[in-house]
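A.B. asks: Right, I'll just put the structure down here and ask away after.
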Amino acid sequence: MNTALQAIIQSAAGTGGPTDPSSRYLGTPIEMLTLPDGTQVAYLQRRIIPQAQIYTSVQNYAVIDGDRLDNLAFKFLGDPILFWMICDANGVSDPDSLTNQIGSTILMPLASAIPPGARNG
């Protein structure tokens, strides 16, 4: 990574990793990859999606036309960035798959009960 760019990222975010408390990647370690030409590339360690049953569900929600997961996360969890928690609680990695079928049921997790390790596998 360009040294100047890396300095800007690290000065703003410490390690260059996500600092938003709602991010599913908060606290995820940063790794470095050295390419054959010597260029270093920073990347986040892989996040393993936790088992859905570790979440405490507070209610079921029936999808209606026009639903978007970020809006549902704001409505039920208070933060649109927590859409990932709804995905995890429903055992899916594609957010759109939860809202593309009108009438399907989504489990809404309890936002204050993020299980240990859910963010970083």
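The values are calculated or read from the model by the stated rules, or taken from the named source; none is laboratory data. Because the structure is a prediction, the values reported are computed rather than measured. Heads up, the Cβs are rebuilt from the backbone with ideal geometry, glycines too, and the neighbour counts pull from every protein chain shown.
A.B. asks: With the stretch 20-121 as the region, which strands (runs of 3 or more DSSP E) entirely inside it contain at least 1 residues that are in contact with a Ser or Thr (Cβ under 7 Å, 6 or more places away or on another chain) and at pLDDT 85 or above?
C.D. replies: Those strands (runs of 3 or more DSSP E) span 40-44, 57-62, 105-109.
A.B. asks: Please go through the stretch 52-61 and give me each residue that is without any contact (Cβ under 8 Å) to a residue 60 or more places away in the chain and either within 8 Å of Leu107 (Cα to Cα) or surrounded by 11 or more Cβ atoms within 10 Å (Cβ to Cβ) (or both), ordered by number.
C.D. replies: Correct list: Ala52, Thr56, Ser57, Val58, Gln59, Asn60, Tyr61.
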